[in-house]
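What follows is a set of notes on a single structure, which appears directly below.
The values are calculated or read from the model by the stated rules, or taken from the named source; none is laboratory data. This is a predicted model, so every value here is computed, not measured. Backbone-built Cβ (ideal geometry, glycine too); neighbour counts: all protein chains shown.
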Amino acid sequence: MRITDYDRNLTPFLQIDDKPLKEIFRNLYYPESPYEFSVLSADILGQVCERFLGMIIRLTPRHRY
């Protein structure tokens with residue numbers, strides 16, 4: 001995947017309302033989530049988190065990701 005100047009400059013100005021973030025976090029916990037993250041070790045959760053830190057989210061012209 002090639003990172004462009006557009007990609008580098010997009011996220012510093014990205015603003016996200018609290019409502020979608022709250023929904024995302026709510027869906028990560030019981031009873032909404034089918035997964036029980038508390039049984040995973042901190043090492044495993046850390047590795048998963050590190051993989052996603054390197055991802056780039058791209059928005060389409062219709063503002064979808």
Of the numbered conditions (1) more than 30 Å from ASP5 (Cβ to Cβ); (2) over 12 Å from the mean Cα position of the chain (by Cα), PHE25 satisfies every one except a single condition; which is it? (2)
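Residue check: is ASP18 at pLDDT 85 or above and exposed (fewer than 10 other Cβ atoms within 10 Å of the Cβ)?
Numbers: at pLDDT 85 or above: yes; exposed (fewer than 10 other Cβ atoms within 10 Å of the Cβ): yes.
For ASP18, the condition - at pLDDT 85 or above and exposed (fewer than 10 other Cβ atoms within 10 Å of the Cβ) - is met.
May I ask you to verify whether LEU59 is in contact (Cβ under 8 Å) with a residue 12 or more places away in the chain and surrounded by 10 or more Cβ atoms within 10 Å (Cβ to Cβ)?
Values: in contact (Cβ under 8 Å) with a residue 12 or more places away in the chain: yes; surrounded by 10 or more Cβ atoms within 10 Å (Cβ to Cβ): yes.
Here the answer is yes, as LEU59 does meet what is asked.
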Provide a single number: the residues in the range 26-45 that are surrounded by 10 or more Cβ atoms within 10 Å (Cβ to Cβ) and either over 28 Å from LEU59 (Cβ atoms) or not polar (S, T, N, Q) (or both). 10
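With respect to LEU21, is the statement that it is in contact (Cβ under 8 Å) with a residue 24 or more places away in the chain and either of a type in the set (A, V, I, L, M, F, W, C) or assigned to a helix (DSSP H, G or I) (or both) true? Full working, then the answer.
On the way: in contact (Cβ under 8 Å) with a residue 24 or more places away in the chain: no; either of a type in the set (A, V, I, L, M, F, W, C) or assigned to a helix (DSSP H, G or I) (or both): yes.
So LEU21 does not fit the description; no.
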